[in-house]
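Enquirer: Take this structure, written in structure tokens, and hold onto it; I'll ask about it next.
The values are calculated or read from the model by the stated rules, or taken from the named source; none is laboratory data. Just so you know, these numbers come straight off a predicted model, no measurement behind them. Glycine gets a Cβ as well: all are built from the backbone with ideal geometry, and neighbour counts include every protein chain shown.
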Amino acid sequence: MAQVEVTAKKKRRTRQLRSAILTSVGVAGIIAAAAIAPNALRLLKTTGVNARLRYRTKTVLGRLKHDGDIEFMERDGKKYVQLTEKGERTLALYREKLRMIERPRRRWDKRYRLVIFDIPEKRKRVREKIRREVQEAGFLRVQDSAWVYPYDCEEFIALLKAELKIGKDVLYAVVEEIEYDTWIRKYFGLPTD
């Protein structure tokens, strides 16, 4: 397998593990740190994560703590993990993205949702994260920093803006018509009038 594919696969697994851990802690409220690995294993059985999961879980827990998504606390000699306020926002973003991906397609209201962003070069990592998030959520890139989606996704964009602290740098628009949109309609499986 090529190096780019290997790197992408590792990043995907780490994101899946991160999401599973946040979900486990979010569902349980407070959870014993030792109980996270088995719960994450059950949640990730379908993703093909292998035997090195305990090490990865520990590493992801460290990153989640470093990012401020979780906090460790000790009670009766046992270590527990709890979501922080930031972790709850991150979990809400994951849930909304999953809802967009897994939701059965409704009837299209003949309006496009356009997301446009202009992030300066000094915040390149944020710009790349926005691109990755909207692509994973099912958006279609129409230009470098312009993405389109045919259904309501305002909640997802609001959560993404809050998570990345980007406010005015990202614009959300509901558009009645885009010229030469046949390729967009085909991509989303929409009726072509």
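Enquirer: For residues that are aliphatic (A, V, I, L, M) and assigned to a helix (DSSP H, G or I), scanning just region 87-121, find the one that is nearest to the chain's Cα centre (by Cα). Give the steps one after another, and end with the answer.
Expert: Here is the first cut: in region 87-121, the residues aliphatic (A, V, I, L, M) are 91-93, 98, 100-101, 114-116, 119.
In the following step, the residues that additionally are assigned to a helix (DSSP H, G or I) were identified as 91-93, 98, 100-101.
Values: L91: 9, A92: 9, L93: 6, L98: 8, M100: 11, I101: 11 Å.
If we take residues in region 87-121 being aliphatic (A, V, I, L, M) and assigned to a helix (DSSP H, G or I), then L93 is nearest to the chain's Cα centre (by Cα).
Enquirer: Moving on to the next point. Filtering region 139-162 down to residues that are closer than 12 Å to K110 by Cα and not aromatic (F, W, Y), which residue is surrounded by the fewest Cβ atoms within 10 Å (Cβ to Cβ)? Spell out the reasoning first.
Expert: We begin by selecting, within region 139-162, every residue closer than 12 Å to K110 by Cα; these are 149-152.
Adding the requirement that they be not aromatic (F, W, Y) leaves 150, 152.
Numbers: P150: 22, D152: 13.
Filtering first and then ranking leaves D152.
Enquirer: Can you tell me which residue within region 163-193, out of those that are surrounded by 15 or more Cβ atoms within 10 Å (Cβ to Cβ) and within 19 Å of R127 (Cα to Cα), is modelled with the highest pLDDT?
Expert: Going through the qualifying residues, I end up with Y172.
Enquirer: Just the residues that are crowded, with 16+ Cβ neighbours inside 10 Å, without any contact (Cβ under 8 Å) to a residue 40 or more places away in the chain and closer than 28 Å to R106 by Cα, please, taken from region 121-132.
Expert: K129, R131
Enquirer: Yes or no: region 101-108 includes at least one residue that is crowded, with 17+ Cβ neighbours inside 10 Å and either within 30 Å of T23 (Cα to Cα) or modelled with pLDDT of 90 or more (or both).
Expert: No.
Enquirer: Looking at the structure I just gave you, is L98 under 23 Å from I21 (Cβ atoms) and in contact with a Leu (Cβ under 6 Å, 6 or more places away or on another chain)?
Expert: No: the conditions fail for L98.
Enquirer: Next question. Condition (residue is closer than 25 Å to K86 by Cα, over 20 Å from the mean Cα position of the chain (by Cα) and of a type in the set (D, E, K, R)) applied to region 122-142: is it met by at least one residue?
Expert: The answer is yes, given that some residue of region 122-142 is closer than 25 Å to K86 by Cα, over 20 Å from the mean Cα position of the chain (by Cα) and of a type in the set (D, E, K, R).
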